[in-house]
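The values are calculated or read from the model by the stated rules, or taken from the named source; none is laboratory data. Predicted model only: the values in this text are computed from it and were never measured. So basically every Cβ, Gly included, is an ideal-geometry build from the backbone, and we count neighbours across all protein chains shown.
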Amino acid sequence: MYDLSNYEIKPEPIILGIESSCDETACAIIKGRKILADRIISSASEQALYGGVVPEIASRAHTDAVDEVVALALKDAGISASEVDAVAVTYGAGLLGALLVGLSFAKAFAYANNIPLIAVNHVRGHMAAAYLDDIDLKPPFITLLASGGHTAILHTKSYLEAEVLGGTCDDACGEAFDKVARVLGLPYPGGPNVQRMAQNGRACIDFPSALVRHGDGMTFSYSGLKTAIINYAHNASQKGEEINGADVAASFQKAAIDPLVKKTVECAISRGVTCVTAGGGVVANDYLRSSLTTACKAAGLKLVLPTKRYCTDNAAMIAAEGLSQYLAGNFAPMDINAKAAIKL
Ligand code: KG4
Ligand code: ZN
């Protein structure tokens, strides 16, 4: 019988994290904040044939990979399933069928080992990635979140509480990278390919900034920026002119990222916070990383940037967020369901 009534919370638990919200089936094992194992089996190359993530292919790929990825992680960590103290799993947001594979596996794992199940919000996982790179990191800090589904600047006040200071009113920053990649004829996944193309270009085209409203409740818009680029390419093609893809990529990157960096630093200063962190797939972008590093240095702010592997989807960040929830005793019931969308 599944019964946690005698369960004691440990100060340095072994947590097994599972992530399956999109096209990566991932499992990681941490002890405290130390990573013991971190495995990813990705269906990205299969998805690339279709130019984006096909939900049914993702679900099937997770089903094929989940046993293997967990077995590999346990082997890497040199532990057996019975030594795991809790299982943390992404329950949303993401593709419903994909989420259900990881969540069902995690429930069975928790049940079989009579250990707590911890339901992790994927976005909070991205925000927790910084804890893996600086194991002594403590809130408060300002978090820049930029992924394929979310873009926001948050004031992380404690391990469990973050206030949204501003965000996008339409598309996410990563989504804009992926759409601009399509305009430039670049394959999936778009973000890294736009970055590669931008390396040979100059940011000489004046696209509208992603920041559309300043002050309290600052707002970003990536849909407007994307449309400006579509129009730019369309006008050139109507005139029979070739666009310089590298310059478009570099100019887009600047318009998309500069305001995020500027506002992140401004938020830290206005909130009297001395530390900045970041998370989400777009934080793997070299231009963002170098701009944020320079801006934080100039403002005298400490910056904790997760390594690139922990910016894009992975299970170590889910386990890291799971640790905060574990220490607070936030365990999920066995009948918890997956959620396609969760409010930030
Ligand atoms: O965080 P993530 O892996 O998944 C979501 O939770 O959304 O983010 C994926 C997004 C995609 O839009 C991808 O194009 C973008 O992150 N991305 C990048 C880079 N690497 C991934 N965008 C810009 N530059 C990159 N190097
Ligand atoms: Zn993600």
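With out of contact with any strand residue (DSSP E or B) (no Cβ under 6 Å at 6 or more places or on another chain), closer than 30 Å to Leu186 by Cβ and either buried (at least 16 other Cβ atoms within 10 Å of the Cβ) or assigned by TED's automatic domain parsing to the domain that holds Asn113 (or both) as the only criterion, which of Ala65, Ala81, Ala58 stands out? Of Ala65, Ala81, Ala58, the one residue that is out of contact with any strand residue (DSSP E or B) (no Cβ under 6 Å at 6 or more places or on another chain), closer than 30 Å to Leu186 by Cβ and either buried (at least 16 other Cβ atoms within 10 Å of the Cβ) or assigned by TED's automatic domain parsing to the domain that holds Asn113 (or both) is Ala58. The criterion of at least 3 residues that are out of contact with any Ser or Thr (no Cβ under 6 Å at 6 or more places or on another chain) and within 14 Å of ligand 2 (Cβ to nearest atom) is met, among helices (runs of 4 or more DSSP H) falling completely within the stretch 78-150, by 122-128. For the stretch 153-193, the candidate set comprises residues that are within 16 Å of the chain's Cα centre (by Cα) and assigned to a loop (DSSP other than H, G, I, E, B); within that set, the residue that is farthest from Ser43 (Cα to Cα) is Asp171. Going by what's in this entry, would Ala341 be described as in a loop (DSSP other than H, G, I, E, B) and small (Gly, Ala, Ser)? Criteria met by Ala341. Every condition in (1) more than 14 Å from ligand 1 (Cβ to nearest atom); (2) over 30 Å from Lys34 (Cα atoms) is met by Ile118 except one, and the failing one is (2).
Here's the yes/no breakdown for (1) farther than 19 Å from Pro13 by Cβ; (2) among the charged types (D, E, K, R):
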position	(1), (2)
Glu56	yes, yes
Arg60	yes, yes
Ala65	yes, no
Gly92	yes, no
Lys138	no, yes
Thr143	yes, no
Ser147	yes, no
His150	yes, no
Leu154	yes, no
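Among the residues that make up the stretch 85-98, is at least one of them surrounded by fewer than 19 Cβ atoms within 10 Å (Cβ to Cβ) and over 22 Å from the mean Cα position of the chain (by Cα)? Checked against the condition, which is being surrounded by fewer than 19 Cβ atoms within 10 Å (Cβ to Cβ) and over 22 Å from the mean Cα position of the chain (by Cα), the stretch 85-98 yields at least one hit. Candidates are the residues of the stretch 302-338 that are farther than 10 Å from Leu132 by Cβ and of a type in the set (D, E, K, R); the one that is surrounded by the fewest Cβ atoms within 10 Å (Cβ to Cβ) is Asp335. Can you list residue pairs whose Cβ atoms sit under 6 Å apart, with the first residue in the stretch 280-299 being within 18 Å of Glu266 (Cα to Cα) and within 16 Å of ligand 2 (Cβ to nearest atom) and the second being assigned to a helix (DSSP H, G or I) and modelled with pLDDT of 95 or more? Count only pairs 6 or more apart in sequence or on different chains. Note: pairs meeting the criteria are Leu288/Ile257.
Kindly indicate whether any position in the stretch 261-273 is over 22 Å from the mean Cα position of the chain (by Cα), part of a helix (DSSP H, G or I), of a type in the set (A, V, I, L, M) and more than 16 Å from ligand 2 (Cβ to nearest atom). Yes, the stretch 261-273 contains a residue that is over 22 Å from the mean Cα position of the chain (by Cα), part of a helix (DSSP H, G or I), of a type in the set (A, V, I, L, M) and more than 16 Å from ligand 2 (Cβ to nearest atom). Residues of the stretch 39-58 include at least one that is outside any loop (DSSP other than H, G, I, E, B) and under 19 Å from Ile79 (Cα atoms). Of everything in the stretch 293-344 that is within 13 Å of the chain's Cα centre (by Cα) and of a type in the set (Ser, Thr, Tyr), the residue that is farthest from Leu103 (Cα to Cα) is Thr307. Hey, can you tell me all the residues within the stretch 107-135 that are within 21 Å of the chain's Cα centre (by Cα) and of a type outside the set (A, V, I, L, M)? Matches in the stretch 107-135: Asn121, His122, Arg124, Gly125, His126, Tyr131, Asp133, Asp134. Exactly one residue out of Thr294, Thr312, Thr274 is of a type outside the set (Gly, Ala, Ser) and closer than 30 Å to His62 by Cα, and it is Thr312. If you check Gly52 against the conditions, is it among the small types (Gly, Ala, Ser), within 16 Å of ligand 2 (Cβ to nearest atom) and either crowded, with 18+ Cβ neighbours inside 10 Å or within 21 Å of Tyr2 (Cβ to Cβ) (or both)? No: the conditions fail for Gly52.
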